[in-house]
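All remarks here apply to the structure that follows.
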Amino acid sequence: MALFHLNNYLSNYYPVSVEARNAILKIAEFKECPPKTMLLQEGQVQKYLYYLNKGLARGYYHMADKEITLWICYEPDTLGNSDSFFNQVPSDVGIETIEACQLLIVPREPWHELYDKYPEIERVSRLVSQSNVQKLYRRIKILHYSSPEEKYRYLIENEPQIIQRTPLKFIASYLNITPETLSRIRAKIF
């Protein structure tokens, strides 16, 4: 099942040969994690690429005794702290599963070795990174230029998975609003 989702995910970005997919699976480990599993602690260096086959996870950081949800990820997608993974520096973000998750975990060094053997893997990696940058740009615009209600409506319209599956405290933090403001918005909309 993980292979099916991975094949679809990769082909959304660029065609990848059967040989390249098999090479990825050869170095990857399939793992199932319960909710609240820490995949990466703040201060650790990320040594693995995570592909989320099923489930929900979040990245967060601490600021002034508050936990701030930076991103929420649902299947199928990759997740992690790109700065820590690519530059091998301590992560300023913790990564935690929200739901039970099925993951493909790929070690960093063998992944980079596949770039040389299979140019399509390097291309897919670049295109996924490019897509993530575009998502981040949209998120920054929404956070900076939208009212709290507009932020929530954006999620309803564009990422209903987050609304349907994520605890409200994480949604409020993700939208940079208080839980009380989120409750008022929800009461008004619904």
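Readers should treat all values here as calculations from the given coordinates under stated rules, not as data from a laboratory. Keep in mind that what you see is a predicted model, and the values were worked out from it rather than measured. No Cβ is skipped: glycine too gets one built from the backbone with ideal geometry, and neighbour counts run over all protein chains shown.
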Relative contact order (percent) for the chain, with alpha-carbon contacts under 8 angstrom and 6 or more residues of separation? 25 percent
Calc'd 3J(HN,Hα), the stretch 88-96, phi into Karplus 6.51 cos²θ - 1.76 cosθ + 1.60 (θ = phi - 60°), Hz, glycine/Pro = x, comes to 6, 10, x, 6, 9, 10, x, 10, 9
FRET efficiency for residue 26 and residue 54, using Cβ-Cβ distance with R0 set to 22 Å, rounded to 0.05: 0.55
Using Cα centres only, tell me the gap between the stretch 6-28 and the stretch 62-116 in whole Å. 19 Å
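Assuming 0.36 nm per residue, please report the length gained on full extension of the stretch residue 139 to residue 158 beyond their Cα-Cα distance.
Numbers: separation 19, 0.36 × 19 = 6.84 nm, distance 1.13 nm.
5.7 nm is the gain from fully extending residue 139 to residue 158.
Starting from the Cα-Cα distance between residue 45 and residue 178, subtract it from 0.36 nm times their residue separation and give me the gain in nm to one decimal. Please report the intermediate quantities before stating the final value.
Numbers: separation 133, 0.36 × 133 = 47.88 nm, distance 3.08 nm.
Fully extending the segment from residue 45 to residue 178 adds 44.8 nm.
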If the cut-off is 20 Å between C-alpha atoms, which aspartates and glutamates fall inside it for residue 141, apart from same-chain ones fewer than 8 positions away? 149, 150, 157, 159
Report the label-to-label distance for residue 68 and residue 130 in nanometres (one decimal), using points 7 Å from each Cα along the Cα→Cβ vector. 3.0 nm
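When the Kirkwood radius is taken over all Cα pairs of the stretch 72-190, what Stokes-Einstein diffusion coefficient follows at 25 °C and 0.890 mPa s, in µm²/s? Working shown, then result.
Working: Rh = 16.6 Å.
Here the translational diffusion coefficient equals 148 µm²/s.
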Using 0.36 nm per residue, how much length does the chain from residue 19 to residue 150 gain when fully extended, once their Cα-Cα distance is taken away? 42.6 nm
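Can you order the peptides 175-181, 91-97 by their average number of other Cβ atoms within 10 Å per residue, highest first?
Working: 175-181: 15.1, 91-97: 20.1.
Packing proxy ranking, top to bottom: 91-97, 175-181.
Just how many % of Cα pairs in the stretch 2-145 lie over 24 Å apart, if you round to the nearest whole percent?
Working: 3115 of 10296 pairs.
The share of Cα pairs beyond 24 Å in the stretch 2-145 comes to 30 percent.
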